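The values are calculated or read from the model by the stated rules, or taken from the named source; none is laboratory data. Please read all numbers here as calculations on a predicted model, not as lab measurements. Every residue, glycine as well, gets a Cβ built from its backbone with ideal geometry; the counts of neighbours run over all protein chains shown.
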Amino acid sequence: MTAQANLPSASFDPATPSLNGYSTDGFYDEAVGPDEKARRNYALLIQKLSDLPIEDLIRRHEAAERILFRMGITFNVYGDDQGTEKIFPFDIVPRIIAAEEWDHIERGLKQRIVALNMFISDVYAEQRILKENRIPRFLIETCKAYRELCHSLKPPHDVWCHITGTDLIRGEDGTIYVLEDNLRCPSGVSYVLQNRFVMKRSFPSLFDMCHVRPVDDYPSRLVGLLRRIAQDGKTEPSVVLLTPGVFNSAYYEHSFLASQMGVELVEGRDLVVQDRIVYTRTTRGLKRVDVIYRRIDDDFLDPKAFRPDSLLGVPGLIDAYRAGNISLANAPGTGVADDKAIYPFVGEMIRFYLSEEPILPNVPTYLCYREDDLRYVLDHLESLVVKAVGESGGYGMLIGPQSTAQARSEFAEKIRDNPRNYIAQPTIPLSRVPTLIGDHFEGRHVDLRPYILYDGEDVFVLPGGLTRVALRKGSLVVNSSQGGGSKDTWVMAGPMMRKP
Amino acid sequence: MLSRVADSIYWMSRYVERAENIARFIEVTYAAMLDLPPGVGGQWLPLVSTTGDGEWFEEHYGEANGQNVIQFLTWDQRYHSSILTSIQAARENARSIRDTIPSEVWEQLNQFYQRVQQAARNPQLIWQSPLDFFQEIKLSSHQFKGVLDASMSHGEGWHFAQVGRFLERADKTTRMVDVQYYRLLPKVYDVGTPIDDLQWSALLHCVSGFEMYRRKYHLITPQKVIRFLLLDRFFPRAVMHCIDSANASLHAITGCSTDSFSNSAEQQLGRLRNDLAFTRVEEIIAIGMHQFIDGLQKRMNDVGNAIYRVFSGEESSSMG
């Protein structure tokens, strides 16, 4: 049998299957076209979903949630002293991305990461891009995440953003946009791996038929990267993962990644710096550390260098870093490139450093520090999404169409007080994917966070990523704090990568 | 191994053992109550005394009846050593070392916790068949130990779990003996009567030691029960056995031979082990049971503190 014979399109008419009673409601639906018929890459899935009795799906969904609960992949419910814990909601309908489209996304992300890394390196060295007026200097000088003390530092292989989780969204015409670059401590990759684990158990045959590209090698790739960024001459570097501790909402991910990579999971109190060298406190005394995958923000990393009130960090860590005795992933200072007011200039960075045109477009962005933009934003608050430049996770945000007049006037006040701190974007009607709601399917809005590893030579983009889904009807907010869940993301293998 | 991780493994194991022992106390008291002639009350108070937190109980509950004592020891979220809070603490410790322990261990403990949590929210489930519930706690604790033994390398971390478990168990056995001895002994007029026999048997049942005792000594006499519970080398809940095992594991961690020591924790535990090994039960009774056990508990506490100091780096380990 040739590989070609395995293509879903060869086995049946892709236009036939449809979901009973399912409506796209006029949104761009990734599974179903405007004619309410399955799109090509979803045909097999839709066929299977309409063949299965709904009770069976519900049963598999419950079984999947039980597995997640048993594994303890839970977060604490605030304000509940009964110790109630919930799992991050999981939907069993996967989100599928066609091979050709993934190639496009992957090329776009690779281009973007290389340019962003060159920008960070440049900003902390010669600042060519500022000298040539391609990005306004005052934006850098007023950026809260800019770290003066990173100036003239060169991390190993000149890599700053080793691990990135870029947020992508798809608009109403099907175009993929970059919404934000998370260059500090992006989280969520453990859900990618766990969702896949659960889906393989729930739908083994469907999974097999769809030729899904694997994601399970992420921890090996990550530990490989971390070992490569050790200082020169370290053949057996000691790598640790630094977590804020059990009360952090991403703690599960920290311990999961540490155990999957076989590296020590440490808290700030486990580390000590002596003579600018970092050690762990062990039962047999101090042991030297070479590389830290830190999941603590810059601000809390070292009370001597940044916030003096931080109890999470390690006093003297930045000193050791400056002395070249420890590698940090990501490097301190990367936040300068994901300031939301600097984000509109990423296209410019790609042109400046790579002499290329950006492959993935940005969402059009109004910069409130520009007088014209400010006027436009204040006049159109009810149709725009306004964001504080340094925030993430759905905080510091106004969603115009869903806001009250009072919220808008309060926000307008804040914007006028500090225009540099705000940007605005048109409200994009995010694409939708069928989702199991009760005993039937409904479209729900999704985004996508692929994970990208960069070691200075190669860029690896994990085929898939975290699809977050806004489970509340009509909601555009996918954050877990606001009723968001997740789906497994299936990137289909191209004909050359299929199993024989 | 990270000092913090060693400490968490030690406490994870200790807390599970603590929960199991509480279940044992309650189970055996409850079962014994069913055998007592009507009108014989006051069986629940010794259980409260065993905890050493009688004042707290008095303040929050007042009367030591079955309902109050069971609630206090089983699912009182406010009390630091109820079954619920012990398992919670065990799980919190496990959570902070999830990357170090096998996932089977975490999953078992997580399920154990969810089960207790569920029962705590619907206590009527416990009241329907208390003995089944406490039996289940015991079995879950055994299962925890089984999964740990079968899936975790028997290296440094595992030995820390052993030390924690055996120190906790030794402590609990001494408490049980201490309280029951004084409760049972002064009633001279009971000696040799069925009630007396039943109550000493209950003490043996509490540590699952009834059959093993019978095999060894056949007849139940207070002196022999004490000898069995405190000084037996081979019975797994006897204090001597626990101290011996903890001592062996502590030495396995450093690699130092058990006839010597390389830090103050080993020195103290080794000395305690040898003192016990060369003690006769008659001497214990001559010293006075309470005084003897008080001394024992204090020395075990000191060992626990020394272990923390040595392995957290507070004390240099090269003093041997």
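Which residues, counting only those in the range A:253-295, are assigned to a helix (DSSP H, G or I), hydrophobic (A, V, I, L, M, F, W, C) and touching a strand residue (DSSP E or B) at 6+ places or on another chain (Cβ under 8 Å)? Spell out how you get there, then give the answer.
If we filter the range A:253-295 for residues that are assigned to a helix (DSSP H, G or I), which is where we start, we get A:253-261, A:268-270.
Among the residues that remain, those that are also hydrophobic (A, V, I, L, M, F, W, C) are: A:256-258, A:261.
Within the range A:253-295, A:L257, A:A258, A:M261 qualify.
A quick yes/no check of all residues on (1) aromatic (F, W, Y); (2) within 14 Å of chain A (Cβ to nearest Cβ); (3) in contact with a Phe, Trp or Tyr (Cβ under 9 Å, 6 or more places away or on another chain):
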position: B:L272; (1), (2), (3): no, no, no
position: B:L276; (1), (2), (3): no, no, no
position: B:E283; (1), (2), (3): no, no, yes
position: B:G288; (1), (2), (3): no, no, no
position: B:I293; (1), (2), (3): no, no, yes
position: B:R299; (1), (2), (3): no, no, no
position: B:N305; (1), (2), (3): no, no, no
position: B:R309; (1), (2), (3): no, yes, no
position: B:S312; (1), (2), (3): no, yes, no
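State the number of residues belonging to the range A:383-439 that are under 18 Å from A:T166 (Cα atoms) and loosely packed, with under 14 Cβ neighbours inside 10 Å.
3
Which members of the range A:154-203 meet the condition of being among the basic types (K, R) and modelled with pLDDT under 90?
A:K154, A:R201
Give the residue that is surrounded by the most Cβ atoms within 10 Å (Cβ to Cβ), with candidates limited to residues of the range A:241-252 that are at the interface with chain B (Cβ under 9 Å from one of its Cβ atoms) and outside any loop (DSSP other than H, G, I, E, B).
A:L241
Conditions: (1) within 14 Å of another protein chain (Cβ to nearest Cβ); (2) surrounded by 17 or more Cβ atoms within 10 Å (Cβ to Cβ). A:L301 meets all but one. Number of the miss?
(1)
Going through the range B:274-320 one residue at a time, which ones are among the charged types (D, E, K, R), within 18 Å of B:N247 (Cβ to Cβ) and out of contact with any Ser or Thr (no Cβ under 8 Å at 6 or more places or on another chain)?
B:D275, B:K298, B:R299, B:D302
Taking the criterion of being at pLDDT below 90 and of a type in the set (S, T, N, Q), would at least one residue in the range B:26-45 satisfy it?
yes
Looking at the range A:149-177 only, could you name the residues that are hydrophobic (A, V, I, L, M, F, W, C) and within 11 Å of the chain's Cα centre (by Cα)?
A:I163, A:L168, listed by residue number.
From the set of residues in the range B:75-101 that are modelled with pLDDT of 95 or more and of a type in the set (V, I, T), which is nearest to B:V5 (Cα to Cα)?
Among those that are modelled with pLDDT of 95 or more and of a type in the set (V, I, T), it is B:I87.
If a residue must be closer than 28 Å to B:E315 by Cβ, acidic (D, E) and more than 8 Å from every other protein chain (Cβ to nearest Cβ), how many such residues does the range A:253-282 contain?
Of the residues in that region, 1 qualify.
Please pick out the residue among B:P102, B:P123 that is over 20 Å from the mean Cα position of the chain (by Cα), farther than 29 Å from B:H159 by Cα and not polar (S, T, N, Q).
Going through B:P102, B:P123 in turn, just one is over 20 Å from the mean Cα position of the chain (by Cα), farther than 29 Å from B:H159 by Cα and not polar (S, T, N, Q): B:P123.
Return the pairs, sorted by first residue and then second, in which the second residue is assigned to a helix (DSSP H, G or I), the first residue lies in the range A:330-359 and is hydroxyl-bearing (S, T, Y), the beta carbons are less than 8 Å apart, and the residues are 6+ apart or on different chains.
Correct list of pairs: A:T334/A:I120; A:Y353/A:V114; A:Y353/A:A115; A:Y353/A:M118; A:Y353/A:F119; A:Y353/A:D122; A:Y353/A:I129.
For the range B:99-114, check the following and say yes or no: at least one residue is assigned to a helix (DSSP H, G or I), out of contact with any Pro (no Cβ under 8 Å at 6 or more places or on another chain) and closer than 27 Å to B:W44 by Cβ.
Within the range B:99-114, the subset assigned to a helix (DSSP H, G or I) is B:103-114.
Subset that is out of contact with any Pro (no Cβ under 8 Å at 6 or more places or on another chain): B:103-114.
If we keep only those that are closer than 27 Å to B:W44 by Cβ too, we end up with B:112-113.
Within the range B:99-114 (the criterion being assigned to a helix (DSSP H, G or I), out of contact with any Pro (no Cβ under 8 Å at 6 or more places or on another chain) and closer than 27 Å to B:W44 by Cβ), the answer is yes, since at least one residue qualifies.
If you scan the range A:183-217, which residues turn out to be hydroxyl-bearing (S, T, Y) and crowded, with 22+ Cβ neighbours inside 10 Å?
A:Y191
Here are some conditions: (1) touching a strand residue (DSSP E or B) at 6+ places or on another chain (Cβ under 6 Å); (2) of a type in the set (F, W, Y); (3) closer than 19 Å to A:A31 by Cα. A:Y191 meets all but one. Which one does it not meet?
(3)
Filtering the range A:226-240 down to residues that are assigned to a loop (DSSP other than H, G, I, E, B) and β-branched (V, I, T), which residue is nearest to the other protein chains (Cβ to nearest Cβ)?
Only one residue fits best here, namely A:I229.
Of the residues that sit in the range B:45-89 and are in contact with an Asp or Glu (Cβ under 9 Å, 6 or more places away or on another chain), farther than 16 Å from B:I126 by Cβ and among the hydrophobic types (A, V, I, L, M, F, W, C), which one is nearest to the other protein chains (Cβ to nearest Cβ)?
Applying the filter and picking the extreme gives B:V48.
Looking at (1) more than 9 Å from chain B (Cβ to nearest Cβ); (2) without any contact (Cβ under 8 Å) to a residue 60 or more places away in the chain, find the lone condition where A:G285 falls short.
The number of the failed condition is (1).
In the range A:426-497, which strands (runs of 3 or more DSSP E) lie fully inside it and hold 3 or more residues that are touching a Gly at 6+ places or on another chain (Cβ under 9 Å) and not basic (K, R)? First the steps, then the outcome.
Values: elements: A:432-437, A:440-449, A:451-454, A:459-461, A:466-470, A:484-491.
By residue number, A:432-437, A:440-449, A:451-454, A:466-470, A:484-491.
Between a first residue in the range B:114-135 that is more than 25 Å from A:R66 (Cβ to Cβ) and more than 10 Å from chain A (Cβ to nearest Cβ) and a second residue that is hydrophobic (A, V, I, L, M, F, W, C) and surrounded by 13 or more Cβ atoms within 10 Å (Cβ to Cβ), which pairs have beta carbons less than 6 Å apart while being 6 or more apart in sequence or on different chains?
From residues that are more than 25 Å from A:R66 (Cβ to Cβ) and more than 10 Å from chain A (Cβ to nearest Cβ), the pairs are B:F134/B:A23; B:F134/B:I26.
Right, B:V163: within 11 Å of chain A (Cβ to nearest Cβ) and under 22 Å from the mean Cα position of the chain (by Cα) or not? Before you say what the answer is, go through the steps one by one.
On the way: within 11 Å of chain A (Cβ to nearest Cβ): no; under 22 Å from the mean Cα position of the chain (by Cα): yes.
In short, no.
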